[in-house]
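The structure appears right after this line, and notes come after that.
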Amino acid sequence: MPLHAVYGIRRGLKEIFRWVHVDYKFPDNASRKNAIESGSFIPQNCLITGLEIWRKKLFLTTPRLKPGVPSTLNYIDVEDQEDNTPQLIPYPNWEVNAMDTRERGIQLNSVVSVKIDPCLRLWVLDNGVINKMTNNHIKRPPSLVIFSLVNSSPVHTYTLKPEEYEWPRSNFWNMAVDVSSDSCSNAFAYLADSGDPGILVYNLQRKSAHRVTNNYFHFNPIDSIITISTSYSKKNYQRTEGIFGMALGTQDSEGHRRLLFHPLFSTLEFGVSTENLQNKSYAANNVPGFYVAGDRGPGSQSAGSFIDPATGMFFYTLISRNGIACWNTMTEKLLPSNQGIIAENDTDMVYPNDVKVDKMGNLWVLSNRMNDFIFESPNHNEDVVMMRVFMAPVSQVIRGTICDDLQ
């Protein structure tokens, strides 16, 4: 059975921000001019790929996929915008985001994922690959940096060891952070390596990491070819990324959570208890601890995903359908028949890449025409809006869908 959907809907998702090209809040006009003339800022080479929301700050990642990205970790003030195309402000400052070879404390190379925990900390995953989409890319060790949201200062850094990743295959792109407010030091980060499929589990308390492998982390060849439709073209793409989307459920009585995960090119959703992941020997030997949570159905390849802790609603992007879907995790099994589409639009939501729910119960969605950016489609119009951010209350977007009916 197909996903329950009505084509062209957005179910109250309101476009909040949009960009044809990204611009940054430089110290002054002379600095912007110098950056453009030197090639350190090439607007069309900057793509927003991830988001996170904290109070009135909307964090936005712009990894250094191509040359000319002056800052890779940024934010905007959602309450202080004169228009819907705001300039990005480097976080925590320009110096930390600078691309140079000076020896200094913290340097962000190419940020791909950010997460906020209950302890007022911002976790930042830097995959270390600069200019990935060129022949002259630079590879630096991936790292995990934690900032205090109270004063925007770094409080912890972990640089991955050579045995914890594999160049040139490794491609860290997403992260889930597991921590509760009553035990801030007992925290874990699960780093998804989609290139050399695996999860790197980082233990903050022990300041150590171990790698977990499983066949479920790999892409499905049957689902590796997708068709992405836009208002001006339809094109087939074949890609091979493995584990990508990860979503953590609420804690059980033992303090563990269920992690739902999927490869970028697969329609299957998998699950595992964080108890399995956190124990190095257990993860290696307890293969049955990983399980199939269900099949999302044909054409449901997905990038970002998120479980709303307040409702148990699982939201995930549909990159080949230009939409967002939902599943009520209170139901027994994930099936095409018990999912609903809350948004689908070939003009406004081309390649939805990330999805989050904030503390106020609002769903945030980022779309960015990723494949146009990667493959530089010859049909691409220079005036087309590349990146959009949408937002609406969870209660509003699921209203009238099967996800709401099953509550």
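Could you list all residues from the stretch 296-322 that are of a type in the set (S, T, N, Q) and assigned to a strand (DSSP E or B)?
Step one: filter the stretch 296-322 for residues of a type in the set (S, T, N, Q), giving 300-302, 305, 311, 317, 320, 322.
Residues satisfying the conditions are SER305, THR317.
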Unmet requirement for THR331, which otherwise passes all of (1) closer than 15 Å to LEU260 by Cβ; (2) out of contact with any helix residue (DSSP H, G or I) (no Cβ under 7 Å at 6 or more places or on another chain): (2)
LEU58 fails exactly one of (1) in a loop (DSSP other than H, G, I, E, B); (2) over 26 Å from LYS139 (Cβ atoms); (3) of a type outside the set (Lys, Arg), namely (1)
Any residue in the stretch 119-146 that's at positive phi and part of a loop (DSSP other than H, G, I, E, B): show its pairings with residues that are buried (at least 19 other Cβ atoms within 10 Å of the Cβ) and among the basic types (Lys, Arg) at Cβ separation under 8 Å, as long as the two are six or more apart or on different chains. ASN131/ARG64; ASN131/LYS66
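Just checking, which of VAL389, VAL350, VAL365, VAL357 is among the hydrophobic types (A, V, I, L, M, F, W, C), crowded, with 17+ Cβ neighbours inside 10 Å, more than 25 Å from TYR237 (Cβ to Cβ) and at pLDDT 90 or above?
Working: VAL389 fails: more than 25 Å from TYR237 (Cβ to Cβ); VAL350 fails: more than 25 Å from TYR237 (Cβ to Cβ); VAL365 fails: more than 25 Å from TYR237 (Cβ to Cβ).
Answer to the selection: VAL357.
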All but one of (1) among the hydroxyl-bearing types (Ser, Thr, Tyr); (2) under 19 Å from MET370 (Cβ atoms); (3) touching a helix residue (DSSP H, G or I) at 6+ places or on another chain (Cβ under 9 Å) hold for TYR190, so report the exception by its number. (2)
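Counting only residues that are in contact (Cβ under 8 Å) with a residue 60 or more places away in the chain and of a type outside the set (Val, Ile, Thr), give me the strands (runs of 3 or more DSSP E) lying completely in the stretch 169-255 with at least 2 of them.
Working: elements: 172-180, 183-193, 198-203, 208-212, 225-229, 234-238, 243-248.
Filter on the stretch 169-255 gives 172-180, 183-193, 234-238, 243-248.
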Within the stretch 392-406, track down each residue that is part of a helix (DSSP H, G or I) and modelled with pLDDT under 85. ASP405
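Looking at ILE374, is it outside any loop (DSSP other than H, G, I, E, B), aliphatic (A, V, I, L, M), in contact (Cβ under 8 Å) with a residue 24 or more places away in the chain and surrounded by 24 or more Cβ atoms within 10 Å (Cβ to Cβ)? Please lay out each step first, then the result.
Details: outside any loop (DSSP other than H, G, I, E, B): yes; aliphatic (A, V, I, L, M): yes; in contact (Cβ under 8 Å) with a residue 24 or more places away in the chain: yes; surrounded by 24 or more Cβ atoms within 10 Å (Cβ to Cβ): no.
Judged against the criteria, ILE374 is not a match.
In the stretch 323-358, how many are part of a loop (DSSP other than H, G, I, E, B), under 29 Å from ASP117 (Cα atoms) and touching a strand residue (DSSP E or B) at 6+ places or on another chain (Cβ under 8 Å)? Break it down into steps so the answer makes sense when it comes.
Filtering the stretch 323-358 down to residues part of a loop (DSSP other than H, G, I, E, B) leaves 329-333, 335, 345-351, 358.
After this cut, where a residue has to be under 29 Å from ASP117 (Cα atoms) as well, the list is 329-333, 349, 351, 358.
Right, trim to touching a strand residue (DSSP E or B) at 6+ places or on another chain (Cβ under 8 Å) and you get 329, 333, 349, 351, 358.
Of the residues in the stretch 323-358, 5 are part of a loop (DSSP other than H, G, I, E, B), under 29 Å from ASP117 (Cα atoms) and touching a strand residue (DSSP E or B) at 6+ places or on another chain (Cβ under 8 Å).
Of all residues in the stretch 266-295 being part of a loop (DSSP other than H, G, I, E, B) and modelled with pLDDT of 90 or more, which is farthest from SER337 (Cα to Cα)?
By that ranking, first place goes to PHE290.
The values are calculated or read from the model by the stated rules, or taken from the named source; none is laboratory data. Since the model is a prediction, treat every value here as computed from it, not as a measurement. So basically every Cβ, Gly included, is an ideal-geometry build from the backbone, and we count neighbours across all protein chains shown.
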